[in-house]
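Enquirer: One structure, pasted below without further comment.
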Amino acid sequence: MIDYRLAAPHELNDLKAFLFRHGANPWNHLPVDGVDAEFQSVVAGDASALVACVDDQPVGLAIFYHPHALHEAYIAYSHGRPAIYIADVVVHQEVNGQGIGSALLLNILGRAPSLGAEMLVIDRHAENLASAGMMRKAGFQVLATFLDLDRRDSGNRSTTVLGLYLKP
């Protein structure tokens, strides 16, 4: 059975290592300083780390920013609505394709109203088909695709931004 819960502060260093170990691939942009800033945001209460565990061992991780800390780059996509930005969703390589990533997204969706969010925003490499399927399964719709040379080094070097509205 998989348990989904918010990470405890004492777990954050191990979860950062989990993110680098299982999230590093040609599609993901994981600069050390950016990941450090994400985890500092978790400590500061501007973001949360959601963990999927089996027997208290992490098999999945999602980092999401609360609406009051929405990154400036994503405000345009929220159209003024309070929104959660999902920065990372990573699943242990041995259990990829078992619905854990989609379940993490749905768990964040369930937490969104208590955080005052009306929308969730996420992005991915435009050609990352595994992430595309996970996001589609959770109900996300494509909002925009653009050339993103600063973050993308592989494929067509484009980012796709997706959104999911909680209220019409």
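The values are calculated or read from the model by the stated rules, or taken from the named source; none is laboratory data. Not measured: the values here are computed from a predicted model. Cβ coordinates were reconstructed from backbone atoms using ideal geometry, including for glycine residues, and neighbour counts include every protein chain displayed.
Enquirer: Tell me, which residue of segment 60-74 that is in a loop (DSSP other than H, G, I, E, B) and of a type outside the set (A, V, I, L, M, F, W, C) is modelled with the highest pLDDT?
Expert: Once the filter is applied, the top-ranked residue is H66.
Enquirer: One residue is enough: does segment 80-89 have a residue meeting the conditions more than 30 Å from V54 (Cβ to Cβ), surrounded by fewer than 19 Cβ atoms within 10 Å (Cβ to Cβ) and modelled with pLDDT under 90?
Expert: Restricting attention to segment 80-89, the residues satisfying the condition of being more than 30 Å from V54 (Cβ to Cβ) are 80-83.
Now narrow it down to the ones that are surrounded by fewer than 19 Cβ atoms within 10 Å (Cβ to Cβ): 80-82.
Narrowing further to those that are modelled with pLDDT under 90: 80.
There is at least one residue in segment 80-89 that is more than 30 Å from V54 (Cβ to Cβ), surrounded by fewer than 19 Cβ atoms within 10 Å (Cβ to Cβ) and modelled with pLDDT under 90.
Enquirer: Quick check on my filter: what residues within segment 111-168 are touching a Lys or Arg at 6+ places or on another chain (Cβ under 6 Å), touching a residue at least 40 places away in the same chain (Cβ under 8 Å) and among the polar types (S, T, N, Q)?
Expert: Of everything in segment 111-168, just one residue is touching a Lys or Arg at 6+ places or on another chain (Cβ under 6 Å), touching a residue at least 40 places away in the same chain (Cβ under 8 Å) and among the polar types (S, T, N, Q), namely S131.
Enquirer: Go through the residues of segment 25-36 one by one and say whether even a single one is exposed (fewer than 12 other Cβ atoms within 10 Å of the Cβ), of a type in the set (V, I, T), more than 21 Å from A130 (Cα to Cα) and without any contact (Cβ under 8 Å) to a residue 40 or more places away in the chain.
Expert: yes
Enquirer: Counting only residues that are of a type in the set (G, A, S) and assigned to a loop (DSSP other than H, G, I, E, B), which one in segment 108-158 is farthest from A7 (Cα to Cα)?
Expert: So the residue we want is G155.
Enquirer: Somewhere in segment 75-95, is a residue over 21 Å from N128 (Cα atoms), in contact (Cβ under 8 Å) with a residue 60 or more places away in the chain and in a helix (DSSP H, G or I)?
Expert: Taking every residue of segment 75-95 in turn, at least one turns out to be over 21 Å from N128 (Cα atoms), in contact (Cβ under 8 Å) with a residue 60 or more places away in the chain and in a helix (DSSP H, G or I).
Enquirer: May I ask you to verify whether V142 is modelled with pLDDT of 95 or more, crowded, with 17+ Cβ neighbours inside 10 Å, closer than 20 Å to A76 by Cα and aliphatic (A, V, I, L, M)?
Expert: Numbers: modelled with pLDDT of 95 or more: yes; crowded, with 17+ Cβ neighbours inside 10 Å: no; closer than 20 Å to A76 by Cα: yes; aliphatic (A, V, I, L, M): yes.
No: the conditions fail for V142.
Table: residues versus (1) out of contact with any Lys or Arg (no Cβ under 8 Å at 6 or more places or on another chain); (2) surrounded by fewer than 12 Cβ atoms within 10 Å (Cβ to Cβ).
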| site | (1), (2) |
| --- | --- |
| A47 | yes, no |
| C53 | no, no |
| F64 | yes, no |
| H68 | yes, yes |
